[in-house]
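What follows is a short report on a single structure.
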Amino acid sequence: MLINTGVPTREQLDRLLPSPERRARGPYAMVECFQEIPCNPCSTACPFDAILPMKDINEIPAIDLDRCTGCGICAGVCPGLAIFIIDESKKDGTATVTIPYEFRPLPEKGETVNAVNREGDVIGDATVTRVLASKRTKTPLITVEVPAELVHDVRFISLIDEQSFSDDTSSESQKSPVSHETAPKTDDEDEIIICRCEGLTLRVIRDLIREGYTTVDEIKRISRAGMGPCQARTCGPLIAAEIARMTGQQVAEIQPSAHRAPVKPLPIEFFLGGDSE
């Protein structure tokens with residue numbers, strides 16, 4: 001199911017949940033990481049050692065929820081955007097979920113936004129209660145309040161005004177692609193991190209496209225975008241969308257980059273068929 005759709009099953013998610021007593025006590029991290037890949041920023045960043053040290057960088061993160069305070073540092077450093085902070089301790093029928101959000105503009109505190117599930121469907125409204133733009137991780141964390149029964153389904157948000165604007169202009173934009181010469185551009189946009197593994201900004205990607213690198217693979221080879229632990233899961237589609245916007249192509253026409261299968265190091269005795277002697 002996960003390999004085919006990218007969406008974990010309810011059984012996989014239920015295994016991550018702490019006890020009812022811990023859930024009622026305060027915020028905690030949900031580490032929705034299910035595949036063995038070489039990645040450990042969450043473990044090394046946790047100041048409370050709640051995400052346990054890994055003997056092998058390919059291990060799936062394990063969390064001690066009794067140590068976890070829900071501080072959110074791990075959510076801000078996860079390259080796969082796979083960590084969320086849940087708080088079910090309120091007794092008024094609502095709960096909060098903190099989501100890593102790598103888009104502009106950022107919502108404002110008090111704003112009503114669309115609550116989006118793992119499949120990308122809007123499932124209700126959410127109210128923004130906190131916007132944390134961290135200088136340490138450069139990934140903003142958006143906390144939203146939702147009905148308590150939806151807190152384990154909501155994993156993204158979309159801005160209501162932005163969605164309405166997109167719906168109104170989608171057909172026109174397909175007829176008249178916007179070139180990079182006329183598209184609005186701000187310094188804030190240029191500093192958006194596109195490839196978190198390699199620390200590449202939108203400015204870098206735009207400059208490369210202007211220099212003539214107009215495929216995802218070309219940009220990957222010249223800049224290392226997509227070569228980090230997440231293997232372009234996040235930056236690949238973003239780079240393709242920027243190429244399409246600046247060259248007037250449709251996103252569907254942009255070829256994705258070549259990917260290698262997830263691998264992990266093996267000891268030499270595995271290939272020799274014997275023990276370490």
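Can you give me the ranges of the strands (runs of 3 or more DSSP E) entirely in the stretch 55-144 with at least 1 residues that are of a type in the set (D, E, K, R), in the same structural domain as P38 (by TED's automatic domain parsing) and buried (at least 19 other Cβ atoms within 10 Å of the Cβ)?
83-87
Residue under question is M30, and the condition is that it be crowded, with 16+ Cβ neighbours inside 10 Å and in a strand (DSSP E or B); does it hold?
Answer is yes for this residue.
Give just the number: which of (1) modelled with pLDDT of 90 or more; (2) under 18 Å from the mean Cα position of the chain (by Cα) does G26 not satisfy?
Going through the list (1) modelled with pLDDT of 90 or more; (2) under 18 Å from the mean Cα position of the chain (by Cα), G26 breaks only (2).
So which of I83, I73, I123 ends up being under 26 Å from M227 (Cα atoms), in contact with a strand residue (DSSP E or B) (Cβ under 9 Å, 6 or more places away or on another chain) and of a type in the set (A, V, I, L, M)?
Being under 26 Å from M227 (Cα atoms), in contact with a strand residue (DSSP E or B) (Cβ under 9 Å, 6 or more places away or on another chain) and of a type in the set (A, V, I, L, M) holds for just one of I83, I73, I123, which is I83.
Just need a number here: residues in the stretch 224-262 that are among the polar types (S, T, N, Q) and under 24 Å from I57 (Cα atoms).
Final tally of qualifying residues: 2.
Take L52 and tell me if it is surrounded by 12 or more Cβ atoms within 10 Å (Cβ to Cβ) and touching a Pro at 6+ places or on another chain (Cβ under 9 Å).
yes
The values are calculated or read from the model by the stated rules, or taken from the named source; none is laboratory data. Remember, it's a predicted structure, so these values are computed and weren't measured experimentally. Glycine gets a Cβ as well: all are built from the backbone with ideal geometry, and neighbour counts include every protein chain shown.
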